[in-house]
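Each remark here refers to the structure printed beneath this line.
Derivation of every value follows stated rules applied to the coordinates shown; laboratory data play no part. Since the model is a prediction, treat every value here as computed from it, not as a measurement. We place every Cβ from the backbone using ideal geometry, glycine too, and count neighbours over all the protein chains shown.
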Amino acid sequence: MTTPTHAANWFEIPANDLARAQRFYEAVLQRTLKRESMGPELTMAIFPYAQGGGAGGALVAGTPQQPSLQGTLVYLDAEPSLDAAVARVAAAGGQLLLPRVELPDGMGAFVHIQDTEGNRVGLHALS
């Protein structure tokens, strides 16, 4: 039995309007998401990640999951600046739910936001 190097491998954030959700996350995180079709019913916008080196994830449309403020909370990397990412949230159509919380021992800080689809998502950065 091998020991995992990290707790998560993949995450999915449900979206009713994938184009709107993709625009939101690209604006807030300043990263390009890659659109992929997984058959006639399922479309994803995949967040950039290093395969084999960390967790990946995507926005997903066409699944029975619905956007929600309850349930599992995913934290997205907001480097190089959490404050800059937070400043882009409202302009991109989102809302700040929990203001910046400083973590101890140089672990950075986080916020909770609501995206354009109605999901609660965390943003985290060391700066």
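Overview of values
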read-out: Ordering of 115-122, 65-72, 38-45, 87-94 by burial proxy (mean other Cβ atoms within 10 Å per residue, highest first); value: 115-122, 87-94, 38-45, 65-72
read-out: For the chain: relative contact order, % (alpha-carbon pairs under 8 angstrom, 6 or more apart); value: 26
read-out: Sequence-distant residues sharing a close amide H with ALA58 (under 5 Å, placed H); value: PHE11, GLU12, ILE13, PHE47
read-out: Cα point-scatterer Debye curve for the range 10-125, base-10 log of I(q)/I(0) at q = 0.19, 0.20, 0.24 Å⁻¹; value: -1.01, -1.11, -1.53
read-out: Within the chain, helix-based [θ] at 222 nm, where runs of 4 or more DSSP H residues each add -39,500 (n - 2.57), nearest 500; value: -4500 deg cm²/dmol
read-out: Cα shape, the range 51-108, gyration tensor, a/c 1.5 rule; value: oblate
